[in-house]
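Colleague: Structure provided below as structure tokens; questions to follow.
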Ligand SMILES: [Zn+2]
């Protein structure tokens, strides 16, 4: 296909390191404010709707209800080390999260995807090879998203995948296509740059300072050494809980 369809993992890692758009947003700017799809939202879905109701091309970046509610989302896994540790932490505290899965990693570690699903977490399509899809045609996007869901369902037959998140937040034409396949585009409202690990203390500080009612928090359990993220989450959850916060899922519609 086009040059942007390169699938090498090396390239994916380089792009991960760059993480072009996410960091520029900082913690205060909702992702969709800068990353709105370039074309108006299509009104006609491009495929069969999921049985759980219509999705929209709007990029959701908040929880369903306000108050002291927060949603944790983890990108770029599964990773054999970090994801397993993270699942232990979430299970210990009875917290459910969203896992945005990198298709190539799903193929490498299907057993971890099975555990994510068995533990009751929500699955999110994060594309097959973590490409920047911002210039892709709808047809290219659709093929990639379907391939990713097929990889997920090879690991977990009949898995529900109610969300899609574009790698790097480079949405391009992906929101309409994802919505047409029954996946709500999932943005975020708080990123703490855990892809350039600043130390666990600093991560916890950024998270506690940045969290606001209805936050969707972007974190990473794959694509690099995510030990600091796991350690930060292990401290964040009890701290927020004791402060009256509860953990929930992102809204299903924009
Ligand atoms: Zn990612």
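Since every read-out is calculated from the coordinates, none of them should be taken as a lab result. Since the structure is predicted, the reported quantities are computational estimates derived from the model, not experimental observations. Here Cβ is always computed from backbone atoms with ideal geometry, including for glycine, and neighbour counts include all displayed protein chains.
Colleague: Which peptide among 234-247, 145-158 comes first, and what is the full order, when sorted by highest mean count of other Cβ atoms within 10 Å?
Modeller: Listed from highest to lowest mean packing, they are 145-158, 234-247.
Colleague: Could you tell me which of rounded, prolate or oblate describes segment 136-186, using a ≥ b ≥ c as the square roots of the eigenvalues of the alpha-carbon gyration tensor, with rounded for a/c under 1.5 and, failing that, prolate when a/b is larger than b/c and oblate otherwise?
Modeller: The shape class here is prolate.
Colleague: Under 1.5 on a/c is rounded, so check that first for segment 183-254, then, if it is not, pick prolate when a/b is larger than b/c and oblate when it is not; a ≥ b ≥ c are the square roots of the alpha carbon gyration tensor eigenvalues.
Modeller: oblate
Colleague: Let me ask something else about it. Order of 168-181, 198-211, 95-108 by packing, highest average Cβ count within 10 Å first?
Modeller: Taking the mean over residues of other Cβ atoms within 10 Å, the ranking is 168-181, 95-108, 198-211.
Colleague: In the P(r) worked out for segment 135-254, what percent of Cα pairs fall beyond 22 Å?
Modeller: Here the tail beyond 22 Å accounts for 47 percent of pairs.
Colleague: If you don't mind, another one. Let me make sure I get this right: for segment 86-158, a, b and c are the square roots of the gyration tensor eigenvalues over alpha carbons, sorted descending. Under 1.5 in a/c it's rounded, otherwise prolate if a/b > b/c, else oblate. Which is it?
Modeller: It is prolate, given that a/c is not under 1.5 and a/b is the larger ratio.
Colleague: Report the Rg/Rh value for segment 59-115, based on alpha-carbon coordinates and the Kirkwood definition of Rh.
Modeller: 1.03
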